[in-house]
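> Pasting a structure here, questions to come.
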Amino acid sequence: MGAGEEVRAVLGDAWWDGTVRQSEELARTAEVRGPGAVGRLGALLQAWAVGFAAVRPDVLSSRLAASRRGLRADEAAGFLAALDARVFHVDSAGFVVPQVFRPKASGGRYALFSRNGSGVAVNLEYLIQMAAAAELLMVHGVAGTDICFEQGEFDAVVESGGVPVLAMEAKARIAGADGLLELLSSLLRLGANPQTAATGNHWRKYAALLDMTASGPVVLWLVADGARWAFDANTVAGTVRLTPRTTAGGPLIGC
């Protein structure tokens, strides 16, 4: 049984059908709020790739490797909205610096590119990760100083009074070997039986969530292009139980 079938079997047809409708709505919304976003971001990535090759002596060409996943409207529109609102600054070489979130002790500069052979590849997951973190601020009204970008095992953690209230994890795509469904399937299986097999990465996220929920309930927000899945995470009998919230939207925190 694949990850999607496992998740659907646990969470039910109603939840599954809601995620399909949500994905379609996110694609429609992206086209409205950012017409031509895929083309615009694609052009920017091409320009930044030239700068990346110029500052990296081990990169011989600014040629962007073709991605089998390509760019999609939701991630492109979200990233550009954050860029236009100056939530992030991107320099001429494609290095991103958050402008409004709680700063990391180690600083925090993120490369949109990595070397690929003699050329350049896009670190695609950063696009939706940064777009989603910006949505916490711009759509859900979370104060920037409460958002910790890349904290511990999660891509972002929201704290209130020093206590975590939301953990966000973003994946580039819903399906696939490193997709959102694989992670959610692992978290559900570990919640039912902590001794079940899971990848090290998935186990560490589950353990971090278990530690967070020891202080009280936490919202788990799983994000990908075409997905915004919210769950109430609670510790029950020593394991993390995830209860889906409606996929229709609404406030993430304080409800």
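The values are calculated or read from the model by the stated rules, or taken from the named source; none is laboratory data. Please read all numbers here as calculations on a predicted model, not as lab measurements. In this analysis, Cβ positions are derived from the backbone assuming ideal geometry, glycine residues included, and neighbour counts consider all displayed protein chains. The accessibility values were calculated without ligands, DNA or RNA, using every heavy atom of the protein model including side chains. Shrake-Rupley method; radii C 1.70, N 1.55, O 1.52, S 1.80 Å.
> Would you work out which of LEU137, LEU209, ALA77 lies farthest towards the positive end of the dipole of the chain, given +1 charges on the beta-carbon of Lys and Arg and -1 on that of Asp and Glu, about the Cα centre?
Looking along the dipole axis, the top candidate is ALA77.
> Across the stretch 74-134, what fraction of all alpha-carbon pairs, as a whole percent, falls in each successive 10 Å bin from zero upward?
Spelled out bin by bin, the stretch 74-134 gives 22, 54, 22, 2 percent.
> Also, I was wondering about something else. Could you give the Stokes-Einstein D for the stretch 1-45 in µm² per second, using the C-alpha Kirkwood radius, 4 °C, 1.567 mPa s?
On the way: Rh = 12.6 Å.
Estimated via Stokes-Einstein, D reaches 103 µm²/s.
> Angle between the Cα long axis of helix 125-138 and the longest principal axis of the chain, 0 to 90 degrees, nearest 10?
70 degrees
> Further question on the same structure: To the nearest 20 Debye, how big is the dipole of the chain about its Cα centre, given +1 on the beta carbon of each Lys and Arg and -1 on that of each Asp and Glu?
Working: 23 positive and 25 negative charges, 97 e Å.
Result for the chain is approximately 460 debye, rounded to the nearest 20.
> Given contacts defined as C-alpha pairs under 8 Å and at least six residues apart, what's the relative contact order of the stretch 1-91, whole-number percent?
Relative contact order of the stretch 1-91: 32 percent.
> To continue, here is another question. Work through the residues other than GLU153 whose Cβ is under 12 Å from its Cβ and net out their charges, Lys, Arg +1 and Asp, Glu -1.
Cβ neighbours under 12 Å give a net charge of -2.
> Specify the angular offset, from 0 to 90 degrees and rounded to the nearest 10, of the alpha carbon long axis of helix 13-33 from the longest principal axis of the alpha carbons in the chain.
30 degrees
> Using the charge dipole of the chain (Lys, Arg: +1 at Cβ; Asp, Glu: -1 at Cβ; taken about the Cα centre), state which of VAL55, SER23, LEU190 has its Cα farthest towards the positive end.
Sorting the options by dipole projection puts first VAL55.
> How much length is gained on full extension from ASN234 to GLU25, taking 0.36 nm per residue of separation minus their Cα-Cα distance? Present the calculation step by step, with values, prior to reporting the outcome.
Numbers: separation 209, 0.36 × 209 = 75.24 nm, distance 2.89 nm.
So the chain would gain 72.3 nm between ASN234 and GLU25.
> For the full complex of protein chains and a 1.4 angstrom probe, list ILE174, ILE147 by accessible area with the highest value first.
ILE174, ILE147
> Heavy-atom accessible area per residue, the stretch 181-255, 1.4 Å probe: how many Å²?
42 Å²
> Report the per residue volume, in Å³, of the convex hull enclosing the C-alpha atoms of the stretch 101-255. Show your work: numbers first, answer last.
Details: hull volume 19.9 nm³, N = 155.
In the stretch 101-255, the Cα hull volume divided by residue count equals 128 Å³.
> Now for a separate question. When the accessible area of the chain is computed with all protein chains present and a 1.4 Å probe, what percentage of it is carbon and sulfur?
In the chain, the share of accessible area belonging to carbon and sulfur is 54 percent.
> Sticking with this structure for a sec: For Cα pairs less than 8 Å apart in space and 6+ apart in sequence, what is the mean separation divided by the residue count of the chain, i.e. the relative contact order in percent?
18 percent
> Which log10 I(q)/I(0) values, to two decimals, does the stretch 21-163 give at q = 0.17, 0.18 Å⁻¹ under the Debye formula with one point per Cα?
Normalising to I(0) and taking log10 leaves -0.98, -1.08.
> While we're on this one: For ARG204, ARG63, give me the order by solvent-accessible area with a 1.4 Å probe, most accessible first, ignoring ligands, DNA and RNA. It would help to have the intermediate numbers written out before the result.
Details: ARG204 115, ARG63 135 Å².
Ranking ARG204, ARG63 by accessible area, largest first, yields ARG63, ARG204.
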